[in-house]
Amino acid sequence: MSRSEELFARAVKRIPGGVNSPVRAYGSVTEAPRFIQGAVGSKIFDVDGNAYIDYIDSWGPMILGHNDERIKDAVIRASENGLSFGCATEKEVEMAEFICERIPHVEMIRMVNSGTEAVMSALRVARGFTGKSKIIKFAGCYHGHTDAMLVSAGSGVMTSGVPDSAGVPKGCTEDTMIAMYNNLESVERLLTESNDQVAAVIVEPVGANMGVVPPEDGFLQGLRRLCDEHGALLIFDEVITGFRLSFSGAAGFYQVTPDLVTYGKIIGAGMPVGAYGGRKEIMEMVAPAGPVYQAGTLSGNPIAMAAGLEQLKILWEDQEIYTRLYQKGQVLYDGIRRILLEKDLPYQVNSVSSLGCIFFTEEKVKDYATAKTSDTKKFADYFQYMLNHGVHMAPSQFEAMFLSDAHTQEDIGTTLDLINRYF
């Protein structure tokens, strides 16, 4: 038995499912999760001494690679003054100024502790600002585990969401309506049928929690138009895409301006942090400036702020990083497409810059319904092969691969060679 297996056997006795987040479970790929001891650059190392090329990147924020020396030094320097004060600090001000002065659609910003908290708060602000109660989200888009967002489509797109988790009362989701990603008609129907009582439409501008599903031409622009026509706010959930597709995220990448945006751990260089921001008139609704209450003792934690600000400064000063990530994405994902074409395999490869995913289905994947046609057993076999040959990916068909600036052409070449051998 490996040390990872031993640790997992201990974990299941004290931690539900043996993991502290379901995405770490390997149940769908019939493996024990690898317990990680350390990481550097593009590599991650488990407790059994195995090294892997890592395409999880802590679910996205390690855009510079693991254990970057500049960020580590910033954390050490900050920690010498203390770990938490529950009081205002200069770093919070510097972080807010740095973001707001460089991202046109973020005029004010509030720090929180996670992407989930950022979404929860942004939705509350949207309701407070508009005086409306209903929210439209998209099937297959994940916005954290708050009650109102844990919904499925029910009997059809025209229904209100029904709870998608035990412990969520139906009343918590009755104001959440489900539209179809890449389908503007479904959004327009819901806006009309709600009698314009929709406070906000929230979307992952690139669907990255049903695999990777790019927006079709005109989809995001159409959401902007529909929100304007119906008096709803447009919220971009950029927990995955923020500061990854470009410094200004998917909003800048696709040239669409949201009213509010949510960020996750990338603004903490992987540490527990999130934020929401947007137009000044909306953000001034937040307490203590306005009547929408939201608070948090650890919000703006000085260690997370130091790490995140250092990473954002690096990204701002060297925006060729985004060119390099885009080029690496082309090499990796186009390389996978060529392999599948040469072997006459009908599987789909979706990608946007450094994000990508292989879907084990013949259908073009453009939304949640088509993503679900994937053969998860075939994915599990593929995942096991790659893991056992030194490539670390998310243990789910419906998660993204993440490239970092630390991934080398050798890493990508090794990965493509393994994929070619597998297929």
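Within the range 189-242, can you find the residues that are over 21 Å from Tyr142 (Cα atoms) and either of a type in the set (Gly, Ala, Ser) or open to solvent by less than 10 Å² (accessible area, probe 1.4 Å) (or both)?
The initial filter retains those residues of the range 189-242 that are over 21 Å from Tyr142 (Cα atoms), namely 189, 192-197, 217-218, 225-226, 228-231.
Ser194, Gly218, Leu226, Gly231, listed by residue number.
Restrict the check to the range 313-322 and report whether at least one residue is β-branched (Val, Ile, Thr), on the phi < 0 side of the Ramachandran plot and in contact with a Phe, Trp or Tyr (Cβ under 8 Å, 6 or more places away or on another chain).
Taking every residue of the range 313-322 in turn, none turns out to be β-branched (Val, Ile, Thr), on the phi < 0 side of the Ramachandran plot and in contact with a Phe, Trp or Tyr (Cβ under 8 Å, 6 or more places away or on another chain).
How many residues, within the range 381-423, are of a type in the set (Gly, Ala, Ser), closer than 22 Å to Tyr142 by Cα and open to solvent by less than 20 Å² (accessible area, probe 1.4 Å)? If you could, list the steps in order and put the result at the bottom.
From the range 381-423, those of a type in the set (Gly, Ala, Ser) are 390, 394, 396, 400, 404, 406, 413; that's our starting set.
Filter once more, keeping what is closer than 22 Å to Tyr142 by Cα: 394, 396, 400.
Of the ones still in play, those that are also open to solvent by less than 20 Å² (accessible area, probe 1.4 Å) are 394, 400.
Residues that pass the stated criteria total 2.
Lys366 passes all but one of (1) outside any helix (DSSP H, G or I); (2) under 14 Å from Gly207 (Cα atoms); (3) open to solvent by less than 50 Å² (accessible area, probe 1.4 Å); which number fails?
Going through (1) outside any helix (DSSP H, G or I); (2) under 14 Å from Gly207 (Cα atoms); (3) open to solvent by less than 50 Å² (accessible area, probe 1.4 Å) one by one, Lys366 breaks only (3).
Restricting attention to the range 56-95, which residues are aliphatic (A, V, I, L, M) and either open to solvent by 70 Å² or more (accessible area, probe 1.4 Å) or more than 18 Å from Val239 (Cα to Cα) (or both)?
Initial filter on the range 56-95 (aliphatic (A, V, I, L, M)): 56, 62-64, 71, 74-76, 78, 83, 88, 93, 95.
Across the range 56-95, the qualifying residues are Ile71, Ala74, Val75, Ile76, Ala78, Leu83, Ala88, Val93.
Of all helices (runs of 4 or more DSSP H) completely enclosed by the range 1-108, which ones contain at least 3 residues that are small (Gly, Ala, Ser) and modelled with pLDDT of 95 or more?
Numbers: elements: 3-14, 69-79, 90-100.
Qualifying helices (runs of 4 or more DSSP H): 69-79.
On the given criteria, is Lys132 open to solvent by less than 70 Å² (accessible area, probe 1.4 Å) and either among the acidic types (Asp, Glu) or assigned to a loop (DSSP other than H, G, I, E, B) (or both)?
yes
Pull out all pairs, ordered by first then second residue, where Cβ-Cβ is under 6 Å, the residues are six or more apart or on different chains, the first lies in the range 393-418 and is modelled with pLDDT of 95 or more, and the second is open to solvent by less than 40 Å² (accessible area, probe 1.4 Å) and acidic (Asp, Glu).
Phe402/Asp57; Ser404/Asp57
Please pick out the residue among Val106, Val93 that is closer than 20 Å to Tyr263 by Cβ and touching a Cys at 6+ places or on another chain (Cβ under 7 Å).
Details: Val93 fails: touching a Cys at 6+ places or on another chain (Cβ under 7 Å).
Answer to the selection: Val106.
Output yes when any residue across the range 125-137 is aromatic (Phe, Trp, Tyr), under 21 Å from Ala275 (Cα atoms) and either modelled with pLDDT of 95 or more or touching a Ser or Thr at 6+ places or on another chain (Cβ under 7 Å) (or both), and no when none is. First the steps, then the outcome.
If we filter the range 125-137 for residues that are aromatic (Phe, Trp, Tyr), which is where we start, we get 129.
Retained after the next criterion (residues that are under 21 Å from Ala275 (Cα atoms)): 129.
Still in the list and also either modelled with pLDDT of 95 or more or touching a Ser or Thr at 6+ places or on another chain (Cβ under 7 Å) (or both): 129.
There is at least one residue in the range 125-137 that is aromatic (Phe, Trp, Tyr), under 21 Å from Ala275 (Cα atoms) and either modelled with pLDDT of 95 or more or touching a Ser or Thr at 6+ places or on another chain (Cβ under 7 Å) (or both).
Which numbered condition trips up Arg224, out of (1) charged (D, E, K, R); (2) touching a Gly at 6+ places or on another chain (Cβ under 7 Å); (3) without any contact (Cβ under 8 Å) to a residue 60 or more places away in the chain?
It fails just one condition, (2).
Do we have Tyr333 as surrounded by 14 or more Cβ atoms within 10 Å (Cβ to Cβ), modelled with pLDDT of 95 or more, in contact with a Gly (Cβ under 7 Å, 6 or more places away or on another chain) and not in a loop (DSSP other than H, G, I, E, B) here?
Details: surrounded by 14 or more Cβ atoms within 10 Å (Cβ to Cβ): yes; modelled with pLDDT of 95 or more: yes; in contact with a Gly (Cβ under 7 Å, 6 or more places away or on another chain): yes; not in a loop (DSSP other than H, G, I, E, B): yes.
Yes; evaluated as a whole, the condition is true for this residue.
Inspect all residues belonging to the range 20-27 and state whether any of them is out of contact with any Pro (no Cβ under 8 Å at 6 or more places or on another chain) and charged (D, E, K, R).
no
Pairs needed: first member in the range 78-105, under 23 Å from Asp318 (Cβ atoms); second member anywhere, of a type outside the set (A, V, I, L, M, F, W, C) and open to solvent by 80 Å² or more (accessible area, probe 1.4 Å); C-beta distance under 8 Å; at least 6 residues apart or different chains.
Cys100/Glu107; Pro104/Thr257; His105/Thr257
Return yes or no: is Leu355 of a type in the set (A, V, I, L, M, F, W, C), under 21 Å from Tyr52 (Cβ atoms) and surrounded by fewer than 20 Cβ atoms within 10 Å (Cβ to Cβ)?
Working: of a type in the set (A, V, I, L, M, F, W, C): yes; under 21 Å from Tyr52 (Cβ atoms): yes; surrounded by fewer than 20 Cβ atoms within 10 Å (Cβ to Cβ): no.
For Leu355, the condition - of a type in the set (A, V, I, L, M, F, W, C), under 21 Å from Tyr52 (Cβ atoms) and surrounded by fewer than 20 Cβ atoms within 10 Å (Cβ to Cβ) - is not met.
For the condition open to solvent by 50 Å² or more (accessible area, probe 1.4 Å) and either of a type in the set (A, V, I, L, M, F, W, C) or under 22 Å from Gly131 (Cβ atoms) (or both), what is the one hit in Glu174, Glu185?
Values: Glu185 fails: either of a type in the set (A, V, I, L, M, F, W, C) or under 22 Å from Gly131 (Cβ atoms) (or both).
Result: Glu174 is the single residue among Glu174, Glu185 that is open to solvent by 50 Å² or more (accessible area, probe 1.4 Å) and either of a type in the set (A, V, I, L, M, F, W, C) or under 22 Å from Gly131 (Cβ atoms) (or both).
Check off (1) at pLDDT below 95; (2) β-branched (Val, Ile, Thr); (3) over 20 Å from the mean Cα position of the chain (by Cα); (4) farther than 22 Å from Gly277 by Cα for Val151 and give me the number that stays unchecked.
Among (1) at pLDDT below 95; (2) β-branched (Val, Ile, Thr); (3) over 20 Å from the mean Cα position of the chain (by Cα); (4) farther than 22 Å from Gly277 by Cα, the lone unmet condition for Val151 is (3).
The values are calculated or read from the model by the stated rules, or taken from the named source; none is laboratory data. Owing to the predicted nature of the structure, the values given are computational and were not obtained by experimental measurement. We place every Cβ from the backbone using ideal geometry, glycine too, and count neighbours over all the protein chains shown. The protein model used for the area step is the full one, side chains on, heavy atoms only, and it has no ligands, DNA or RNA in it. Shrake-Rupley method; radii C 1.70, N 1.55, O 1.52, S 1.80 Å.
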